1. Would you point out the residue of the stretch 210-240, among those that are touching a helix residue (DSSP H, G or I) at 6+ places or on another chain (Cβ under 9 Å) and farther than 18 Å from residue 351 by Cα, that is surrounded by the most Cβ atoms within 10 Å (Cβ to Cβ)?
2. Can you tell me how many residues within the stretch 78-102 are assigned to a strand (DSSP E or B) and either polar (S, T, N, Q) or touching an Asp or Glu at 6+ places or on another chain (Cβ under 6 Å) (or both)?
3. From the list 352, 320, 347, pick out the single residue that is modelled with pLDDT under 95 and out of contact with any Pro (no Cβ under 7 Å at 6 or more places or on another chain).
4. Residue check: is residue 42 more than 15 Å from the chain's Cα centre (by Cα), in a loop (DSSP other than H, G, I, E, B) and assigned by TED's automatic domain parsing to the domain that holds residue 172?
5. Given the conditions (1) crowded, with 19+ Cβ neighbours inside 10 Å; (2) assigned by TED's automatic domain parsing to the domain that holds residue 241, and given that residue 296 satisfies all but one, which numbered condition is not satisfied?
6. Of all residues being free of Cβ contacts under 8 Å to residues at least 60 places away in the same chain and basic (Lys, Arg) in the stretch 362-397, which is nearest to residue 220 (Cα to Cα)? Just the residue, please.
7. Taking the stretch 9-41 on its own, how many of its residues are of a type outside the set (A, V, I, L, M) and either in contact with a strand residue (DSSP E or B) (Cβ under 8 Å, 6 or more places away or on another chain) or at positive phi (or both)?
Amino acid sequence: MTAAHKNFDVLIIGGGMYGCSIAWWLTQMADFTGRVLVIERDPTYETAATSLTNSCIRQQFTNETNVRISQFGAEFIKNFRYFMGDDPDVPELKIQSYGYLYLADTKAFADDLRAAQQIQARLGAGTKHMTRDEIASDYPFFQLDDIYGANHNLVDEGYFDGGTVFDWFKRMAQRNGVKFVAAEVARLIRDGRRVTQVELKDGTRISCGTVVNAAGTRARQLAKTADVDIPVEPRRRYTYIFDAAEPLGRDLPLTIDPTGVHFRTDGRYYLAGGRPDQDPAVNVDDFAADHSLWEEKFWPIIATRIPQFERIKLVNMWVGHYDYNTLDQNAILGPHPDVENLIFANGFSGHGLQQAPALGRGLAEWITFGSYQTLDLTQFSVERVLSGKKFLEKAVI
């Protein structure tokens, strides 16, 4: 990087889904004319959450803002080529809408699902509450002796091609003039209420007007170099791909078992995932797997819920990380009150990919106009985190 290119209006640290979404959306803001640089430490994205995600989207949240975020996400996916300027090279995308199926194993849980369904229906979502008999009629392969009810939505809920969305965010951002560099940020250099420069690991310093922390699981250690803190840490999440000796013969909804384990159709195979029983913070580079979990936890739960899955064969597995917000497992967005040009895009806790279109747009609006223009995202503010005021969302997987 030459001396002439060491000053940028917006410097984004982290070139995954959020860094690229924000960068692309900035190029769509008519009032934004600044120079943008995205710094990504690992351009292979080998262990990035963007690469290891399960690429699903749902509207089944209990907070109205989260529902509206996913509704825009579904609109964006279904009209992807339009949003990308009707470029004929951009593929048409769709959502494989097998839906999420939340199973309740207590009356209180079923009552909570009914209340959530009413919120979602009021906002236009297609969620339906189902009795145990209705579940059995639609999905006779489930064992439901312990189940009181469920919520299910077959409209704009399911799998989408998140990798393609990310790829075109990055391509179009570059085409529109955003610069990308492969480098590691060592620290933020702060002068009073502003970050004035970013120092790379090789000692290079880059001046900036605004800096965006989109560093995923490394967000907290980056923030600390500017003497601020956010409650984000890496947590392991397991994904398994398995084949069934007796396939179900129809799509399996993304089923959230009361144990927290989830499973769904994945092409000709099936996908399952969840967290370990012990769920501590881990090192940002620690992707070691506990291989006993499949036999001791995941398979028994799956086979209990779907007896037809007694005979299944594990085909693949991987460990990814959530950038886990320990306060309330929801996003941390916007400027820090003590560092006015430091913008946060962190702590998505597993919601990140599906929320990237709306939240990337919102942060681009904030950078350009100093406020959110299309969807009010102030509930996710850094101030709420500093005050310990939780963003209330019951539907966290």
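1. At the first step, the residues of the stretch 210-240 found to be touching a helix residue (DSSP H, G or I) at 6+ places or on another chain (Cβ under 9 Å) are 210, 212-217, 228-235, 237-240.
Keeping just the survivors that are farther than 18 Å from residue 351 by Cα gives 210, 212, 228-229, 240.
On the way: 210: 21, 212: 29, 228: 21, 229: 12, 240: 24.
Only one residue fits best here, namely 212.
2. Of all residues in the stretch 78-102, those assigned to a strand (DSSP E or B) come to 96, 100-102.
Add one more test, that the residue is either polar (S, T, N, Q) or touching an Asp or Glu at 6+ places or on another chain (Cβ under 6 Å) (or both), and what stays is 96, 100.
Selection size over the stretch 78-102: 2.
3. Values: 320 fails: modelled with pLDDT under 95; 347 fails: modelled with pLDDT under 95.
After ruling out the rest, the residue left standing is 352.
4. Values: more than 15 Å from the chain's Cα centre (by Cα): yes; in a loop (DSSP other than H, G, I, E, B): yes; assigned by TED's automatic domain parsing to the domain that holds residue 172: yes.
Yes.
5. (1)
6. Only one residue tops the list, namely 384.
7. Of the stretch 9-41, the ones of a type outside the set (A, V, I, L, M) are 9, 14-16, 18-21, 24-25, 27-28, 31-35, 40-41.
Still in the list and also either in contact with a strand residue (DSSP E or B) (Cβ under 8 Å, 6 or more places away or on another chain) or at positive phi (or both): 9, 14-16, 18-20, 27, 34-35, 40-41.
Residues meeting the conditions: 12.
Residue-by-condition table, conditions (1) aliphatic (A, V, I, L, M); (2) within 14 Å of the chain's Cα centre (by Cα); (3) under 22 Å from residue 36 (Cβ atoms); (4) not in a loop (DSSP other than H, G, I, E, B):
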| site | (1), (2), (3), (4) |
| --- | --- |
| 320 | no, yes, no, yes |
| 324 | no, yes, no, yes |
| 328 | no, no, no, no |
| 334 | no, no, yes, yes |
| 342 | yes, no, yes, yes |
| 363 | yes, no, yes, yes |
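The values are calculated or read from the model by the stated rules, or taken from the named source; none is laboratory data. Note that the coordinates shown come from a computational prediction; the quantities given were computed from them, not determined experimentally. Heads up, the Cβs are rebuilt from the backbone with ideal geometry, glycines too, and the neighbour counts pull from every protein chain shown.
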